[in-house]
Structures are given as C-alpha cells and as structure tokens.
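What follows is a short report on a single structure.
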Amino acid sequence: MLALMLVCIGCQWHLKPTDTDAAGKRIGIQRFDRIEMLYLTTGDYSALQQMNTYFPTETRMLIEDMLHLGQVNDPDINTKFLFFFQDSTLQQMLNDVQQQYANMDDIDEQLSTAFKQLKEDIPEIAMPNVYTQIGSFDQSIIVSGGSLGISLDKYLGADYPFYRSHYNERERRLMHRDMIVPDCLCFYLLSIYPLPKGHNQHDRDRHMGRIMWMTNRVMQKTVFDNDFVDEASTFMHHHPRTSLDEFLKDRKV
C-alpha cells in the first residue's frame, strides 16, 4: 500500500473545495470516483475528458501506477482502461461502491475534525488535498505530494464476498468505512515521517508504533493497539515535554 509514496454533466458535484472548505472548516473531499465510475459504466467520452481535465495527476497515477495499464498518453490507453473494468467482479464492485458511498458527508466531517486536530498538534504539517477513487482491490490510501487518495474499493466491509476469498480475517477487519479516516492519518503521517532506512525490523516496528499512537491521539480513541503503540504511549507519558514533531522523527528520542 505504500508503493506509490510514491462534474458530472448536469449534476452539482464539487470538483474543488467550497468556500466553507477553503476557510478551513471542511476538507472538501473531491469525488474523482464519480467521474471515473461514469466513464467505466457508460463509456461516456465526456466523462473521460473531465477526468483528464480536472484530475490529470490522479488519472495518471491510477492508470500508470495503480493499474499498470501503460502510459496515460498511449494511443489505446482509454480502451485498455475501459476494458480492464469489464470484468464481472469489478463491475459488481463499481455498483457496490456507488451504493455504499453515495454520500460521504460523515467521512468529510471526520476528516476535517481529525486534520484540524493534527494541525493543532503539529502546526507545521500542511493539509492535504483529499480525493476518492476506485482501484482494483490493491491499495487503500495513496499519498503523493500534497494529495491523499482514498480507494473506496478497499472499504466495502469485512464480509464483502471478494474480501472473504482473498484476504485473511485480520486484514478484513480493517477494510470497512470506519477505517478510512484513521488510515488517511496513518499514511499521511508516514509520508511526512517515513520509516527509517537501514534500520532493523524492530526499529521499523517501533517507528510504526509511534505513527499509530499519533493516529490514536488525533482520533481521540484507540484504533491501533499493539506492543509498539503501548511503548510509544509509555514514552510520551514519561516525557511529556517532547515535541510531537521530534517524537515522530524517531531518531534520538
């Protein structure tokens, strides 16, 4: 999932944050998935044009880096993209995403609250541009530069039929709507405070524990719970003056 660290015509879909969003009260999730779905289910060329016009970077990342269909400017790439999703399992998934995520106001509100808290805790962190997309069950959260992409196909519920035959129970417990915001925080923090290179597995797990602890703090509840999260909690309890920025850099503290 970390490999990439790498409106609708006639509808009132907001491609850019509203005035309220711009004022910092709401994240303003950009629904790239809706235009993507329109093209993949109808072949509407105008929807494809809107993908390339309003979401050029997101479209390129989806086609090239996630689906590995080729270069976005290849002459036949649009046909490949459309044909790829004609698989019956993916067609059913497109329909299921449309039903489960017709409304995402709750996610937008949770994201806004969480990132507001994160900004208060670590003021130097920039707020990301958040968008939704549909992949092919491979990656959940995509972070690239200042953008954070949510692949809704990875959050259809622990009992989703495709998940039951392709993921173990531990993995499936994390593949539901309530994990979108914690995952966004966790992966975004990890893009800013990456895993230490050249360290052993224990050091990497320790660092990940600090990222998870910070996510719990921002969410104001226990989402992640393991020995390394407990270690991070114990450290901060005994060293309350340690800045959160230094704590997450995880070099000498």
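The values are calculated or read from the model by the stated rules, or taken from the named source; none is laboratory data. Keep in mind that what you see is a predicted model, and the values were worked out from it rather than measured. Virtual Cβ from ideal backbone geometry, glycine too; neighbours counted across all protein chains shown. Side chains are part of the model used for accessible areas, which takes the heavy atoms of the whole protein and leaves out ligands, DNA and RNA. Shrake-Rupley method; radii C 1.70, N 1.55, O 1.52, S 1.80 Å.
Tabulated data
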quantity: Spin-label model distance (nm) - D44 vs N168, 7 Å beyond Cα toward Cβ; calculated: 4.3
quantity: Computed label-point distance, nm, for sites S88 and D230 using a 7 Å Cα→Cβ extension; calculated: 4.8
quantity: Ranked order, K154, K221, K249, K197 - accessible area, probe 1.4 Å, largest first; calculated: K197, K221, K249, K154
quantity: Prolate/oblate/rounded label for the range 168-211 (Cα gyration tensor, a/c 1.5); calculated: oblate
quantity: Percent of Cα-Cα distances greater than 21 Å, calculated over the range 101-166; calculated: 35
quantity: Cα gyration tensor, the range 63-177 - rounded (a/c under 1.5), prolate or oblate; calculated: oblate
quantity: Alpha carbon centroid spacing (whole Å) that separates the range 174-253 from the range 61-132; calculated: 24
quantity: Probe 1.4 Å, all protein chains present, accessible-area order of R173, R206, R26, largest first; calculated: R173, R26, R206
quantity: Principal axis dimensions, largest first and in whole angstrom, of the chain by Cα; calculated: 59, 43, 33
quantity: Cα gyration tensor of the range 121-253 - equivalent ellipsoid semi-axes, whole Å, descending; calculated: 27, 17, 14
quantity: Order of exposure, largest accessible area first, which applies to H68, H202 with probe 1.4 Å; calculated: H68, H202
quantity: Inter-probe distance in nm under a simple model that places probes 7 Å from Cα toward Cβ, at N52 and D138; calculated: 2.2
quantity: Whole-percent carbon and sulfur share, accessible surface of the chain, 1.4 Å; calculated: 48
quantity: Accessible surface, per residue, of the chain when the full set of protein chains is kept, probe 1.4 Å, Å²; calculated: 51
